[in-house]
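Visitor: Have a look at this one.
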């Protein structure tokens, strides 16, 4: 499956758009959400363009799922949140805003309302710091 020129996640995967990346392999890329719904909000995307779970092939979804599990461990070690939501939305009615298969990792604090999208751009220094911390944990695990 080839990428779409106007897809922001395809542009990130191609390296033509900057991001705060913490993970990369043949199937998936992990980076910080620049409009975080919570401190530490991260995204894992398929390297290839697939619009949603209904379109993605088995090999690609397995690759993203494996990356999600490893990234979840990193989030847990770095932030020690009270909980962690792993959210994958399909279609506008489900809250999908970028139509490229992706998974949200949302660190949670007890009593906090669940949101998938933040309203304000995150602080670049904090996003960079968290991406580096997640990457360190992932690299140490290898």
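Visitor: Determine whether residue 55 is assigned to a helix (DSSP H, G or I), out of contact with any strand residue (DSSP E or B) (no Cβ under 7 Å at 6 or more places or on another chain) and farther than 18 Å from residue 135 by Cβ.
Guide: In short, no.
Visitor: Out of segment 73-87, which residues are surrounded by 18 or more Cβ atoms within 10 Å (Cβ to Cβ) and either within 21 Å of residue 8 (Cα to Cα) or under 12 Å from the mean Cα position of the chain (by Cα) (or both)?
Guide: Residue satisfying the conditions is 75 alone.
Visitor: What single numbered condition from (1) under 26 Å from residue 6 (Cβ atoms); (2) within 13 Å of the chain's Cα centre (by Cα); (3) assigned to a loop (DSSP other than H, G, I, E, B); (4) modelled with pLDDT of 95 or more fails to hold for residue 117?
Guide: (4)
Visitor: Okay, next question. Output the residue which, of all residues in segment 46-72 that are farther than 19 Å from residue 33 by Cβ and within 14 Å of the chain's Cα centre (by Cα), is surrounded by the fewest Cβ atoms within 10 Å (Cβ to Cβ).
Guide: Only one residue fits best here, namely 66.
Visitor: Between 130, 138, which is closer than 19 Å to residue 13 by Cβ, assigned to a helix (DSSP H, G or I) and modelled with pLDDT of 95 or more?
Guide: Values: 130 fails: closer than 19 Å to residue 13 by Cβ.
Unique residue meeting the criteria: 138.
Visitor: Also, I was wondering about something else. Tell me yes or no: at least one residue of segment 7-15 is over 26 Å from residue 133 (Cα atoms), at pLDDT below 95 and over 12 Å from the mean Cα position of the chain (by Cα).
Guide: Scanning segment 7-15, I find no residue that is over 26 Å from residue 133 (Cα atoms), at pLDDT below 95 and over 12 Å from the mean Cα position of the chain (by Cα), so the answer is no.
Visitor: While we're here: On the given criteria, is residue 63 modelled with pLDDT of 95 or more, in contact with a strand residue (DSSP E or B) (Cβ under 7 Å, 6 or more places away or on another chain) and part of a helix (DSSP H, G or I)?
Guide: yes
Visitor: I've got another one for you. Taking the stated definitions as given, is residue 103 surrounded by 18 or more Cβ atoms within 10 Å (Cβ to Cβ), modelled with pLDDT of 95 or more and assigned to a strand (DSSP E or B)? Don't jump to the end; show me each part of the working.
Guide: Numbers: surrounded by 18 or more Cβ atoms within 10 Å (Cβ to Cβ): yes; modelled with pLDDT of 95 or more: yes; assigned to a strand (DSSP E or B): yes.
Spelling it out, residue 103 is indeed surrounded by 18 or more Cβ atoms within 10 Å (Cβ to Cβ), modelled with pLDDT of 95 or more and assigned to a strand (DSSP E or B).
The values are calculated or read from the model by the stated rules, or taken from the named source; none is laboratory data. As the structure is a prediction and not an experimental result, all values here were calculated from the model. Cβ coordinates were reconstructed from backbone atoms using ideal geometry, including for glycine residues, and neighbour counts include every protein chain displayed.
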